[in-house]
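Accompanying notes for the structure given below.
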Amino acid sequence: MAATIRELSCADDYDPNSMPVDKARAFISKFLAPIGVTERLHIRAALGRVAAHDVISPIDVPGHDNSAMDGWAYRHADIVSTSANAASVRGEPVEPQHTTMKRVGTSYAGKPYLGPVGKGECVRIFTGAVMPADCDTVAMQERVTVDDAGVHLPNDLKAGQNRRFRGEDLKTGAVALPKGTLIGPAAVGLLASLGVAEVDVYRKLRVAFFSTGDELKTIGTPLGPGEIYDSNRYTIYGLLQRAGCQPIDLGNFVDDPEAIRSAFAAASTQADVIITSGGVSVGEADFIKQMLNEMGEVLFWKIAMKPGRPMAVGKVGDAYFFGLPGNPVAVTVTFYQFVRAAIATLQGRTDYALPPTAKATLTNKVKKLPGRTEFQRGVLTMGNSGYEVRTTGDQGSGILSSMVQANCFVVLSTETGNVEPGSMVDVQMFEGVM
Ligand code: AMP
Ligand code: MG
């Protein structure tokens, strides 16, 4: 059972003024409870959803022993053992060794050979075709010659070679797709291979989001002095689409308590999750803090990371709430580091893990002060002796172009200071998230 955020905030080592990244992650995961509402979908429509039950295989896959090759099926016991060994022991030249058999039929994929196969007989067979009942081995066609004398099969194959066994992919009654698994293209294919047309999945997570800030304008309207376009709502929309959510765009709001209060009220009745950007920094947070404490349980954190320091986490009504910083790069970093995994948990996924961290050689100098984790933007490439990464120029947290060029984060731990070229650093790939 998920703990409430209030209980968790009483935990001994909870310090909202310097939350380490790992602690924040662990804390968030403890108070999440999956949405759990299911629906039944055709397997194609289930792409990107999460299996709500174990899918049990109703059949053996494959349904018959079959050939892994185009070639010739025969009984291994009918291979006539030759004097090859004796010849090679005596130092005499060893001829390629074959056994000649008689062709009695053909087994095509979807059109099996149903007749008997007697001693010294063989069957022409194609990939995926059912193995004739009396045969156990397939010789690939490139190793077989056919002439008027018959079919010359190589003597050196092992019994059972090139034969696929009934049920070797899945046996009847086996769990084909465990509950909590993301249904990707291969899983859709797997379900089809079982003859399964529909599958129970969790409904899409509804995620409402809005931006706050007096300076924000929506694209399509001209900018006044000091105004900027609201880009975060577009980034967040993309991140939510990628994460398989149903995004609900509530627009952008000026820093006015009443406007923001009604936005939260609207969001909490229609969404499972609310994401905001802006308004969580020290100077701005005060009225939002007060308001959210009336509407739910929300904790304001200063995470020991750069970018992404201020963040709010909690519940507004029944909806989970993530208050992300306003800086565009900080939005993507906090989403990647905290919100993405939270979404996966709420979606019911049990198979989610952040993309694995890899080691790469840094090719440029990087400036950093110890004391907090930094997520710099990097470009990872394959060099001559392994992965190499360079950072993408100016690392200011408002510089979204650095994020667009990048394909990974360079993760620099709390203790790390400046890093010299040639050092090994940790990188986290964007692929799959951004
Ligand atoms: P805040 O966290 O509200 O103090 O915002 C930090 C910085 O991010 C400021 O420079 C804001 O102008 C900028 N910012 C906030 N919200 C957005 C947004 N939706 N799109 C683009 N920039 C934003
Ligand atoms: Mg603001």
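Annotations
- Solvent-accessible surface ranking, highest first, for Ser231, Ser29 at 1.4 angstrom: Ser29, Ser231
- Cα-based reach from Lys111 at 30 Å (exclusive), listing lysines while leaving out same-chain residues under 8 positions away: Lys102, Lys119, Lys158, Lys171
- DSSP beta bridges in the chain [antiparallel fraction, %, rounded to 5]: 70
- Long-range HN-HN contacts of Gly296 with modeled amide H, under 5 Å: Gly317
- The charge dipole of the chain, taken about its Cα centre with unit charges on the Cβ of Lys, Arg, Asp and Glu (plus for the first two, minus for the last two), comes to roughly 380 debye.
- Spin-label pair Tyr108/Asn293, simplified geometry with 7 Å Cα→Cβ offset, distance in nm: 7.9
- The residues of the chain expose on average 48 square angstrom of accessible surface per residue, using a 1.4 Å probe on protein heavy atoms.
- Candidate residues Ile35, Ile288: accessible-area rank, largest first, probe 1.4 Å: Ile35, Ile288
- For the pair Glu7 and Thr269 in one chain, pulling the backbone fully straight at 0.36 nm per residue adds 91.9 nm over the alpha carbon distance.
- When the solvent-accessible area of segment 357-429 is split by element, carbon and sulfur atoms take up 53 percent of it, the probe being 1.4 Å.
- Packing, as the average of other Cβ atoms within 10 Å across residues, places the peptides 194-201, 136-143 in the order 136-143, 194-201, highest first.
- Backbone N under 20 Å from the Asp70 label point (7 Å along Cα→Cβ), restricted to segment 100-125: 103-113, 122-125
- Whether segment 351-395 is rounded, prolate or oblate, judged on the alpha carbon gyration tensor where a/c under 1.5 counts as rounded: oblate
- Each peptide in 62-70, 352-360, 163-171 was scored by the mean count of other Cβ atoms within 10 Å over its residues; highest first, the order is 62-70, 163-171, 352-360.
- 222 nm mean residue ellipticity, helices alone, for the chain (DSSP H n ≥ 4; -39,500 (n - 2.57); rounded to 500): -6000 deg cm²/dmol
- Angle between the chain longest axis and helix 282-295 axis [Cα atoms, degrees, rounded to 10]: 80
- A simple spin-label model places the labels of Leu41 and Glu420 5.3 nm from each other, with each point 7 Å out along Cα-to-Cβ.
- Dipole magnitude (debye, nearest 20) for segment 120-222, charges at Cβ of Lys, Arg, Asp, Glu: 600
- Between the helical axis of 232-242 and the longest alpha-carbon principal axis of the chain there is an angle of about 20 degrees.
- Subtracting the Cα-Cα distance of His53 and Gln241 from 0.36 nm times their residue separation leaves 65.3 nm of extension gain.
- Kirkwood-type radius of segment 357-429, with distances r between different C-alpha atoms, in Å: 12.1
- Fraction in percent of alpha-carbon pairs per bin - 10 Å, segment 252-410: 10, 33, 31, 18, 6, 1
- Kirkwood hydrodynamic radius of the chain, from inverse mean 1/r over distinct Cα pairs, in Å: 26.3
- Within straight-line cross-link reach of Lys289, lysines at Cα separation under 26 Å, skipping those fewer than 8 residues along the same chain: Lys23, Lys30, Lys217, Lys302, Lys306, Lys315
The values are calculated or read from the model by the stated rules, or taken from the named source; none is laboratory data. Fair warning: this is a prediction, and the values are worked out from it, not measured in the lab. Here the Cβ is made from the backbone with ideal geometry for all residues, glycine too, and neighbour counts use every protein chain on show. Note: areas computed on protein heavy atoms with side chains; ligands, DNA, RNA excluded. Shrake-Rupley method; radii C 1.70, N 1.55, O 1.52, S 1.80 Å.
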